[in-house]
Amino acid sequence: MPHLILLGDSIFDNVSYTAGGPDVTAQVRRLLPSDWGLSLLAVDGNFTSDVENQLAGLPADATHLVISIGGNDILMHAGVLDLLASTTAHAVGILAGEKEKFENAYRAAIGHCLRLELPLTVCTVYNGSFPEQGYQRILSTALAIFNDVILRVAIEHGLPVIDLRSICRNPEDYANPIEPSSIGGDKIAHAIVGVVTGSGIGKSASIYRQ
């Protein structure tokens, strides 16, 4: 029997933010074929460095992995947006340094998953929904640098990608600036099930397979 595992952070473990509505896990379970198993190993607040510990709880019959990780790591780097820079080149150089730190951590997390030799799907980090449009614009631009890491790692290993930036695009997709609501979670769940069952490949601009 296929058994899907959800790894990562509060993108999947979002029950605390849905105000009693269904969370991503419940929505995925509803959409999966009846003969599929499902386990949530993602933990709200976790970082890339926590993925190895999550995998320690992997069920023996796991067959598919989907991971959404990195958002909390990137939030830890968000303070660089407030640093003073003497030139544009200086500002880009600061971001480049933070991107390199993130890349090392992200590659390590994905490496732990790849060693299991199970089908693995990764997710980009979405742009969030912040009320101040100037900040939203700057943050979305900076996030593209970090998402480039995720996309390049996926391409190198031939992994399917769920682009959460294309899925959660509206304010109602968010319970707060950085957490998915039940509405956004439903969209995410459809993308997950579409990838792992093959029903969504080639049918959505938000899902990519190498």
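The values are calculated or read from the model by the stated rules, or taken from the named source; none is laboratory data. Please read these numbers as outputs of a predicted model, since none were measured by experiment. Note that we place each Cβ from the backbone using ideal geometry, even for glycine, and neighbour counts take in every protein chain shown. To get the accessible areas, we keep the full protein, side chains included, count just its heavy atoms, and leave off ligands, DNA and RNA. Shrake-Rupley method; radii C 1.70, N 1.55, O 1.52, S 1.80 Å.
Determine whether residue 140 is open to solvent by 10 Å² or more (accessible area, probe 1.4 Å) and at pLDDT below 95. It is true that residue 140 is open to solvent by 10 Å² or more (accessible area, probe 1.4 Å) and at pLDDT below 95.
Scan the stretch 40-58 residue by residue and report those that are among the charged types (D, E, K, R) and under 12 Å from residue 116 (Cβ atoms). 52 - this is the single residue of the stretch 40-58 that is among the charged types (D, E, K, R) and under 12 Å from residue 116 (Cβ atoms).
Select the strands (runs of 3 or more DSSP E) contained entirely in the stretch 1-69, then report the ones holding at least 2 residues which are among the charged types (D, E, K, R) and either open to solvent by 10 Å² or more (accessible area, probe 1.4 Å) or touching a Phe, Trp or Tyr at 6+ places or on another chain (Cβ under 9 Å) (or both).
Numbers: elements: 3-8, 37-40, 64-68.
Per the criteria, no element qualifies.
Hey, can you tell me all the residues within the stretch 97-118 that are among the basic types (Lys, Arg), modelled with pLDDT of 95 or more and either touching a strand residue (DSSP E or B) at 6+ places or on another chain (Cβ under 7 Å) or surrounded by 13 or more Cβ atoms within 10 Å (Cβ to Cβ) (or both)?
To start, the set of residues in the stretch 97-118 that are among the basic types (Lys, Arg) comprises 99, 101, 107, 115.
Those still in the list that are modelled with pLDDT of 95 or more too: 107, 115.
Correct list: 107 only.
For the stretch 121-131, the condition of being open to solvent by 10 Å² or more (accessible area, probe 1.4 Å), more than 23 Å from residue 15 (Cβ to Cβ) and aliphatic (A, V, I, L, M) holds for none of the residues.
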